[in-house]
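Read through the structure below, which is laid out as structure tokens, and then see the notes.
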Amino acid sequence: MDSFAVCISQGMCWQRFETIRAVKVALVFGFFQAVMPLVGFALGVGFSKRIASVDHWMAFAILGIIGGKMIYEGLREEKEVPCDCNCRQSAQINFRKVIALSFATSIDALAAGLIFVPFKDVVFTAVAMIGIVCFVFCFAGIYLGIRFGKNIQINMVLIGGLILIAIGLKILAEHLLSV
């Protein structure tokens, strides 16, 4: 949801929609969102036996913290300027900026990768789906930013935070009820 929101704000800065340009930007965001959980998973595998008894609590805490942070950002009174432009952004992609934004929005995915430690058999499927979904959302976000961005008043960050907390609660409930 962070990447989606960033892509909407970046799309607001574009004069017109260019499919190839949007694909390139969405690919970078999708790549980072897929790779970072994989890195978190790889780091977590090393100490998975030590955390097996508390992994559900860790997943709940990580998703709760990330979701809480997103809710806080979504409810914060001062609204940030959606983009640092005057809507005359050139057709050139500033890959340094795209990579920096992609990395920044995927830091929480690194921590979330720990969630996959007990699910080794599905990690590659999960990260592939994360990358694909992020790509689709970012592509759509750019399009929406260009077409409707200045009129959208939906707080996607708040909604994303609530979804993450709900997922964390689901993981915790499933584990506690199965014991």
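No lab work stands behind these numbers, since they all come straight from the coordinates. Since this is a predicted model, take the numbers as computed values, not measurements. Counting neighbours? That spans all protein chains shown, and the Cβs are built from the backbone with ideal geometry, glycine included.
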According to a simple spin-label model (label point 7 Å from Cα along Cα-to-Cβ), what is the distance in nm between Ala104 and Val133? 2.4 nm
Please give the contour-minus-distance gain from Tyr72 to Ala42: 0.36 nm per residue of separation, less the Cα-Cα distance, rounded to one decimal in nm. 7.8 nm
Once Ser178 and Leu162 are pulled to full extension, the length gained, defined as 0.36 nm per residue separation minus their Cα-Cα distance, is 3.3 nm
Which of Ser106, Ser178 comes first, and how do the rest follow, when ranked by fewest Cβ neighbours within 10 Å? Ser178, Ser106
Ranked from fewest to most other Cβ atoms within 10 Å of their own Cβ, Arg21, Arg96, Arg76 fall in the order Arg96, Arg76, Arg21
